[in-house]
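This report refers to the structure that appears directly beneath it.
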């Protein structure tokens, strides 16, 4: 299973990659997508909204279950990955195929970058998932 060392992780299995000073990309981990199984739908209706850390910003739906997506750090949702969007690319399976690159879910403008310090590093995340 792949879990890049340069990312931050949550106990709910989201990952965060910082791009520039206050912009971050968020997705779900390889572990999460493997546990969920084949993803069939991703819903994010929060573009343009400011979301607090740990609030729900969307959902992912697999064949047998639906799971909430929790914001790892506070910020404004700037963009939803158009490849996952039902109205555009409609390929939620990208998360199964490539959770850390093509399968990213949202980009945000972080409002408090110090919250990154509360997230798990690579080693702590590996310990969490065993």
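Here, each number is a calculation from the coordinates, and none is a lab measurement. Predicted model only: the values in this text are computed from it and were never measured.
Things to note:
- For region 1-49, the extents of the C-alpha atoms along the principal axes are 33, 30, 15 Å, listed from largest to smallest.
- Normalised per residue, the volume of the convex hull around the Cα set of the chain (Å³): 93
- Distribution of pairwise C-alpha distances over region 48-109, 5 Å bins, in %: 4, 17, 25, 27, 20, 7, 0
- Fully extending the segment from residue 88 to residue 63, taken as 0.36 nm per residue of separation minus the present Cα-Cα distance, adds 6.9 nm.
- Selected from 52, 22, 85 as most flexible by GNM, with the chain as the system and alpha-carbon contacts under 10 Å: 22
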